[in-house]
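**Q** Take this structure first; my questions come after.
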Amino acid sequence: MEKMQFKAESKRLLEMMINSIYLQKEIFLRELISNASDAIDKIYYKALTDETLSFDKDHYYIKVVADKENRALKISDTGIGMTKEELEQNLGTIAKSGSLAFKKENESKDGHDIIGQFGVGFYSAFMVADSVTVMSKALGEDTAYKWESEGTDGYTIEPYEKEEVGTEIILKIKENTEDETYDEYLEEYRLKAIIKKYSDFIRYPIKMDVTERKRKEGSESEYEDVKEEQVINSMVPIWRKNKSELTAEDYENFYNEKHYGFDKPLKHIHINVDGAVRYNAILFIPENIPFDYYSKEFEKGLELYSNGVLIMDKCADLLPDYFSFVKGMVDSEDLSLNISREILQQDKQLKLIAKNINKKIKSELQSLLKDDRQKYEAFYQSFGRQLKYGVYGDFGANKEVLQDLLMFYSSKEKKLVTLDEYVSRMPEDQKYIYYASGDSYERIEKLPQTEMVADKGYEILYFTEDIDEFAIKMLMNYKEKEFKSVSSGDLGIEAEEDQKNTESEEKENKELFDYMKTILSDKVKDVRVSKRLRSHPVCLSTDGDVTIEMEKILSAMPD
Ligand code: ADP
Ligand code: MG
């Protein structure tokens with residue numbers, strides 16, 4: 001039997017592939033620049049072992065030139081170039097990566113800086129271009145070649161005149177349509193911004209001829225536009241630098257440059273991990289609550305880089321909800337550039353990184369609490385609520401991580417205290433961790449229910465936020481001490497003698513109590529003698545798990 005080959009409509013396939021991988025058109029530039037950077041890397045790696053080759057840093061760069069008149073965008077590099085065969089194989093075959101092959105061949109050497117491996121990035125050029133021309137001269141070859149394609153019906157290759165080794169790619173930028181504009185990809189400011197955004201940390205200079213308004217020579221008042229070649233990218237990312245080289249100001253500048261926030265960060269966390277998974281990260285705990293933080297609009301996430309190239313603005317999978325306030329970035333060479341969101345979620349490396357980061361944030365917060373109480377309290381005022389939501393959410397799965405980070409206002413200390421501090425101060429006869437809920441510290445202070453506990457000399461935690469009691473209910477206990485609301489029926493304090501007195505008083509006043517119960521029949525379940533009151537004649541208490549404060553919140557919730 002004859003075996004037939006599947007035929008695919010190449011244009012449709014190309015469109016489908018590009019549209020499913022890339023969400024934004026602008027990333028075509030990122031892809032082409034990454035390829036250029038890979039091509040330079042390849043010469044660099046070759047030079048490491050080939051004595052006839054030298055690597056003179058100044059000679060290696062990437063250049064982006066826009067020609068508005070001809071709607072042409074040119075990206076050139078002085079990298080390793082492509083032979084005729086390589087043009088055919090690498091650009092003529094979708095999902096063929098010359099870079100992956102190179103990495104495999106050079107496994108033993110330090111080739112892991114090279115970005116490409118999927119063999120699809122190049123085709124993203126067709127998102128913005130009607131045709132793409134690639135002129136390339138490979139290292140060690142005499143002839144250069146020109147590869148040309150309109151994306152649809154294949155490509156042509158012919159010999160070409162080119163002096164220098166390297167590659168030049170010209171995109172014929174599409175005309176604007178009714179719902180898409182392409183002009184922006186010929187605008188200097190826009191190209192600069194895209195390079196800054198995605199390729200700021202490419203190791204080689206990315207140059208552009210930038211127009212600058214300059215004072216005319218010899219003139220005081222006349223200005224003229226001058227074209228000047230500038231390097232757009234900053235090349236060495238701060239996260240690759242040694243921590244000891246960096247000052248607090250460097251981190252603050254980075255925080256502001258990156259628009260993580262307009263405030264000053266409260267704390268930065270710089271992580272360099274070189275283990276089972278390699279990554280660098282710089283994380284920040286902001287000082288102020290972002291204006292939309294406690295709203296539905298807020299999107300958590302860290303910037304994700306693959307080897308210096310931005311692949312995602314807000315990677316949500318890197319942060320648990322309870323640490324959603326953390327800002328910053330992660331860079332890993334173990335991630336692929338053209339990875340899609342769906343694949344990313346399954347990515348083992350990413351999961352490892354997320355776990356790692358989570359641990360690190362926790363331990364950094366703990367040391368902040370230990371070493372700089374004032375700062376921790378400032379942090380807690382802003383984001384403590386989120387930690388409490390974290391305890392409550394996921395059916396309490398995160399309580400181990402979070403319980404030591406919680407703080408509540410203390411009746412004794414008149415300030416925020418941790419549960420650990422509370423428990424370590426507990427007198428031996430105290431069974432429970434007591435708490436009282438109310439609208440404000442002042443109002444809680446005046447609650448009749450607090451009197452008995454306070455009289456015993458026990459500390460009470462004041463809960464003023466809706467989430468407090470719910471979080472505590474989820475915790476259930478801390479260091480084996482259960483939580484107890486001061487308004488619950490059994491406080492675990494009454495002495496036995498008191499118990500007898502209560503019974504007899506209850507009998508003596510049975511008629512009065514019965515009368516009260518009938519009058520209040522739709523409001524209370526029972527009327528009893530209480531031993532916990534000192535200066536107040538009466539108080540309300542609950543005997544179930546749900547306190548009055550919780551009931552208020554629950555009944556205010558929409559069904
Ligand atoms: P990837 O970068 O994931 O390998 P691409 O589709 O971006 O896939 O590129 C395909 C291949 O084409 C690369 O692996 C590389 O071999 C080759 N290539 C692309 N651009 C260049 C360039 N500027 N210089 C040299 N080779 C290149
Ligand atoms: Mg690529």
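Rule-based calculations on the coordinates, nothing more; no lab input. As the structure is a computational prediction, the values presented were derived from the model and not from experiment. In this analysis, Cβ positions are derived from the backbone assuming ideal geometry, glycine residues included, and neighbour counts consider all displayed protein chains.
**Q** Quick one: which of Lys362/Lys399; Lys63/Lys314; Lys375/Lys446 span more than 23 angstrom between C-alpha atoms?
**A** Lys63/Lys314; Lys375/Lys446
**Q** Quote the charge dipole size of the chain about the Cα centre in Debye, to the nearest 20; the model charges only the Cβ of Lys and Arg (+1) and of Asp and Glu (-1).
**A** 920
**Q** OK, next. Between Glu15 and Asp50, what is the spin-label point distance in nm, taking each point 7 Å from the Cα along the Cα→C-beta axis?
**A** 4.2
**Q** How big is the dipole moment of the range 147-298 about its Cα centre under a simple scheme where the beta carbon of each Lys and Arg is +1, that of each Asp and Glu is -1, and everything else is neutral? Debye, nearest 20, please.
**A** About 1180 debye.
**Q** If we restrict to alpha carbons, what Rg and Dmax does the chain come to, in Å?
**A** According to the Cα coordinates of the chain, Rg and Dmax are 33.5, 114 Å.
**Q** What does the extension gain come out to for Asn70 and Glu178, with contour length at 0.36 nm per residue minus their alpha carbon separation?
**A** Contour length minus the Cα-Cα distance gives 36.8 nm.
**Q** While we're looking at this one, here's another question. Label points 7 Å out from Cα along the Cβ direction at Asp58 and Ala276: separation in nm?
**A** 4.8
**Q** Run the numbers for Glu511 and Glu161: contour at 0.36 nm per residue of separation, minus the present Cα-Cα distance, in nm.
**A** Using 0.36 nm per residue and subtracting the Cα-Cα distance, I get 114.8 nm.
**Q** A further question follows. Quick one: net charge of Asp209's neighbours, Cβ under 9 Å, K/R +1, D/E -1? Intermediate values should be presented prior to the final figure.
**A** On the way: positive: Lys63, Lys207, Lys227; negative: Glu188, Glu228, Glu229.
Summing Lys and Arg as +1 and Asp and Glu as -1 gives 0.
**Q** How big is Rg to Rh over the range 353-502, alpha-carbon atoms, Rh as the Kirkwood inverse-mean-distance radius?
**A** Result for the range 353-502 is an Rg/Rh of 1.00.
**Q** Count the lysine pairs in the range 171-278 whose Cα atoms lie under 16 Å apart, taking only pairs 8 or more positions apart in sequence or on different chains.
**A** Taking the Cα cut-off of 16 Å, the pair count is 12.
**Q** Let me ask another. Please go through the range 292-329 and write out the chymotrypsin sites (Phe, Trp or Tyr not before Pro) that DSSP classes as loop and that have at most 16 other C-beta atoms within 10 Å.
**A** The qualifying sites are Tyr294, Phe298.
**Q** Go ahead and run the numbers for FRET between Lys525 and Glu297, Cβ-Cβ distance against an R0 of 56 Å, rounding to 0.05.
**A** Calculated value: 0.80.
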